[in-house]
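**Student:** Quick one: this structure, given as structure tokens, is what I'll be asking you about.
The values are calculated or read from the model by the stated rules, or taken from the named source; none is laboratory data. Bear in mind that the values here come from a model prediction, so they are computed numbers and not experimental data. We place every Cβ from the backbone using ideal geometry, glycine too, and count neighbours over all the protein chains shown. Side chains are part of the model used for accessible areas, which takes the heavy atoms of the whole protein and leaves out ligands, DNA and RNA. Shrake-Rupley method; radii C 1.70, N 1.55, O 1.52, S 1.80 Å.
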Amino acid sequence: MADNSTAREAWITGIGIVSCLGEGPDAHWQGLSSGKPAADSTTYPPYIIHKIGALDFDKQIPKKGDQRQMEPWQRIGTYAAGLALDSAGIKGNTEILSRTDMIVAAGGGERDINADTAILSGLPTAEKPEAFLNERLMSDLRPTLFLAQLSNLLAGNISIVHGVIGSSRTFMGEESAGVDAVRIAHSRIVAGQSDIALVGGSHNAERPDLLMLYEFGGFALKDQFAPVWKREAHKGLALASLGAFLVIESRAHADARGARRIAKLSAVLSDRTRRQPGDIGASLGKLWGKISGKLTPGKAAVISGASGVAAATAEERAFLAEHKDIAVRATGTYLGHAFEPQFPMNVALAAIAVSRGSLYPPGDDSGVERAMEAPLTQAVVTSIGHWRGEGLALVEAP
């Protein structure tokens, strides 16, 4: 039994992850170790995306009616959440689920492309365009749609399908939403305000409207795939479809129910800069200073959330070059970039790595990533991504 000094430690006891690499820890570890990124350049040329692997949704969402009323991002997330609950050994345990808190990181949902297309096609020839637009918006959109879908629909569907009925929070805001979802869960558990939480999010990249949005911002990777650290000639991020959920609980709660402790979540920190030149390096330096004293030289690694977007990735690369004693891996080379769930996914991959005591091989020959011989006991997860919302987590071996 944990003593008073360790009882409120936050531990990861369940992992549910799905991506282009497949589902579950083993599939992801094999994919990351393969040296073969699973990027797709044919579905939406010239854009590069990472499509979700084949999933049998019936396994985690048994009712077809539930599946039909969800859009792909909700099905992906609900599926991943079920995997996390299974992994933690609490699937179907109504007593624990009734007090399991849920914190979801979500975007604005998916637009109805067919409705958008019909409206845009009809507007030029409508006798009264304003009346036509109002009528079609009233008749064509579901009650759960505004410009897209309500962001808290994912949490609602997880609650309905899996019976997670503790407190519920949904954060919006791309990468920063994922950082804060994990940070709040960690803080509540350490403070004694929560004993167990389901945390994560999902994203569907197979959407032309989304590609258009990020192309307008100059963020989309196109024409040719390259690893994250080697995108000087073709800058940008490859949109990813993925879902990632974690079960995080206090050590006392985990020990009391005999749960397997996968990894310790020792710290989760967030920041926000104006992204002026030098801001990212300064932010990383500030966050790093808060956990650097806990790191063991030679036994720690960085699991980077670098996306490949020019300025952000270049500044993170420059910062990491100052810490040559720590091995680095950018998971975006293999997974692509999924904004809200990217940080929970990378925390999950860090937990898998430290639980195995090893790091998967370097993903390119850029010189940023190098082999690691010593046993891995700690992983620092960074979240810089493509725009504002910097974050960092420290994950340690059991």
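**Student:** Hand me the chymotrypsin sites (Phe, Trp or Tyr not before Pro) from segment 64-157 located in a DSSP loop with no more than 14 other Cβ atoms within 10 Å, in residue order please. Write out the running numbers ahead of the final one.
**Tutor:** Values: sites: W73, Y79, F132, F146; in loops: F146.
Filter output for segment 64-157: F146.
**Student:** (1) 48; (2) 44; (3) 53: which one is percent of Cα pairs over 28 Å apart as calculated from this entry?
**Tutor:** Looking at percent of Cα pairs over 28 Å apart for this model, the match is (2).
**Student:** Next question. Roughly how big is the chain's charge dipole about its Cα centre, with Cβ charges of +1 (Lys, Arg) and -1 (Asp, Glu), in debye to the nearest 20?
**Tutor:** Values: 40 positive and 43 negative charges, 149 e Å.
Its charge dipole is roughly 720 debye.
**Student:** Kindly count the pairs of lysines across segment 32-109 whose alpha carbons are less than 26 Å apart, treating pairs on different chains or eight or more residues apart as eligible. Display every interim value, and only then the final one.
**Tutor:** Numbers: K36/K51; K51/K59; K51/K63; K51/K64; K59/K91; K63/K91; K64/K91.
Total qualifying Lys-Lys pairs in segment 32-109 comes to 7.
**Student:** By how many nm would the segment from R257 to I160 grow when fully extended, if each residue of separation counts as 0.36 nm and the alpha-carbon distance is taken off? Before the final figure, lay out the partial values.
**Tutor:** Details: separation 97, 0.36 × 97 = 34.92 nm, distance 2.44 nm.
Between R257 and I160, full extension yields 32.5 nm more.
**Student:** I've got another one for you. ³J(HN,Hα) across segment 361-367 via Karplus (A = 6.51, B = -1.76, C = 1.60, θ = phi - 60°), whole Hz, x for Gly/Pro?
**Tutor:** Going residue by residue, I get x, x, x, 6, 10, 6, x Hz, with x marking Gly and Pro.
**Student:** While we're on this one: Relative to a virtual label point 7 Å from the Cα of D26 in the Cα→beta-carbon direction, which members of segment 75-97 show backbone nitrogen distances below 15 Å?
**Tutor:** Within reach of a label on D26: 87.
**Student:** So what are the ³J(HN,Hα) numbers for segment 250-264, from phi and the Karplus equation (6.51, -1.76, 1.60; θ = phi - 60°), rounded to whole Hz, Gly and Pro as x?
**Tutor:** 5, 4, 4, 5, 4, 5, 5, 9, x, 6, 7, 8, 7, 7, 8
**Student:** Tally up the carbon and sulfur contribution to the accessible surface of segment 227-375 as a whole percent, 1.4 Å probe, everything protein left in place. Mind dumping the intermediate values first?
**Tutor:** On the way: 2660 of 5200 Å².
Solvent-exposed carbon and sulfur of segment 227-375 make up 51 percent of the total.
**Student:** Taking a cut-off of 28 Å between Cα atoms, list the lysines near K290, but don't count ones fewer than 8 places away on the same chain.
**Tutor:** Counting by Cα, and skipping residues close in sequence, K290 has these lysines nearby: K264, K299, K324.
**Student:** Calculate, for the chain, the solvent-accessible area per residue in square angstrom, rolling a 1.4 angstrom probe over the heavy atoms of the protein chains. All intermediate terms of the calculation are to be shown ahead of the outcome.
**Tutor:** Working: 16060 Å² over 398 residues.
About 40 Å² of surface per residue is accessible.
**Student:** Ok, one more. Taking amide hydrogens as modeled 1.01 Å from N in the peptide plane, which residues meet the under 5 Å criterion relative to E110, leaving out close sequence neighbours?
**Tutor:** Placed amide hydrogens put Q149 under 5 Å from E110.
**Student:** Do you know the relative contact order of segment 273-398, to the nearest whole percent, from alpha carbon pairs under 8 angstrom that are 6+ apart?
**Tutor:** Result for segment 273-398 is 35 percent.
**Student:** Then there's this: Taking segment 214-277, which trypsin sites (Lys or Arg not before Pro) meet the DSSP loop condition and have no more than 12 other C-beta atoms within 10 Å? Walk me through the numbers on the way to the answer.
**Tutor:** Details: sites: K222, K230, R231, K235, R251, R257, R260, R261, K264, R272, R274, R275; in loops: R231, K235, R257, R260, R261, R272, R274, R275.
Hits after loop and neighbour filter: R274.
**Student:** When the chain is fully extended, how far beyond the present Cα-Cα distance does S33 get from A7, taking 0.36 nm per residue of separation? If you can, show how the numbers build up before the last one.
**Tutor:** Details: separation 26, 0.36 × 26 = 9.36 nm, distance 3.50 nm.
Roughly 5.9 nm would be gained on extension.
**Student:** With a length cut of 18 Å (Cα positions projected on each helix's long axis) and a Kyte-Doolittle mean of at least 0.0, go through the chain and give me the DSSP H helices that pass. Don't skip to the end; give the middle numbers.
**Tutor:** Details: long enough: 72-88 (24 Å, 0.10); 174-191 (26 Å, 0.23); 342-356 (21 Å, 0.98).
Result, helices passing both filters: 72-88, 174-191, 342-356.
**Student:** Next question. At what distance in nm do the modelled label points of I113 and D58 sit from each other, each positioned 7 Å from its Cα along Cα→Cβ?
**Tutor:** If labels sit at I113 and D58, their model points lie 2.7 nm apart.
**Student:** While we're on this one: Segment 1-137: percent of C-alpha pairs farther apart than 22 Å? Show your work: numbers first, answer last.
**Tutor:** Details: 5661 of 9316 pairs.
Roughly 61 percent, rounded to a whole number.
**Student:** I'd like the Karplus ³J(HN,Hα) series for segment 375-389: coefficients 6.51, -1.76, 1.60, θ = phi - 60°, whole numbers in Hz, and an x wherever there's a Gly or Pro.
**Tutor:** Going residue by residue, I get x, 8, 10, 9, 9, 9, 9, 9, 9, 10, x, 10, 8, 6, x Hz, with x marking Gly and Pro.
**Student:** Taking a ≥ b ≥ c as the square roots of the eigenvalues of the Cα gyration tensor of segment 286-387, is the shape rounded (a/c under 1.5), prolate (a/b larger than b/c) or oblate?
**Tutor:** Values: a/c = 1.37, a/b = 1.27, b/c = 1.08.
In terms of gyration-tensor shape, rounded.
**Student:** Beta carbons within 10 angstrom, averaged per residue: use that to sort the peptides 296-304, 8-16, highest first.
**Tutor:** Details: 296-304: 19.8, 8-16: 24.6.
So the peptides 296-304, 8-16, ranked by packing, come out 8-16, 296-304.
**Student:** Using amide H atoms built 1.01 Å from N in the peptide plane, name the residues 5+ places from A267, or on other chains, whose amide H lies under 5 Å from its own.
**Tutor:** Long-range HN contacts for A267: L394.
**Student:** A further question follows. 7 Å from Cα along Cα→Cβ at both R136 and S98: what's the point-to-point distance in nm?
**Tutor:** 5.0
**Student:** Say a paramagnetic label sat at a point 7 Å from the Cα of D66, along Cα to Cβ; which residues of segment 150-176 have their backbone N under 19 Å from it?
**Tutor:** 152-169
**Student:** Still on this model: Find the relative contact order for the chain and round it to a whole percent, using C-alpha pairs within less than 8 Å whose residues are 6+ positions apart.
**Tutor:** 25
**Student:** Label A310 and F216 with points 7 Å out from Cα along Cα→Cβ: what is the distance between them in nm?
**Tutor:** 2.0
**Student:** Now for a different question. Treating cross-link reach as a plain straight distance, find the aspartates and glutamates whose alpha-carbon is under 12 Å from the alpha-carbon of K230, omitting any fewer than eight places away in the same chain.
**Tutor:** Correct list for K230: D364, D365, E369.
**Student:** OK, next. Hey, what number do you get for the chain at 222 nm if only DSSP H runs of n ≥ 4 count, each worth -39500 (n - 2.57), divided across all residues, to the nearest 500?
**Tutor:** Details: 14 runs with 144 residues, N = 398.
Value at 222 nm, helices only, nearest 500: -10500 deg cm²/dmol.
**Student:** Here is a further query. Exactly which GluC sites (Glu not before Pro) in segment 153-248 are in a DSSP loop and have at most 15 other Cβ atoms within 10 Å? It would help to have the intermediate numbers written out before the result.
**Tutor:** Values: sites: E174, E175, E206, E215, E232; in loops: E206, E232.
Hits after loop and neighbour filter: E232.
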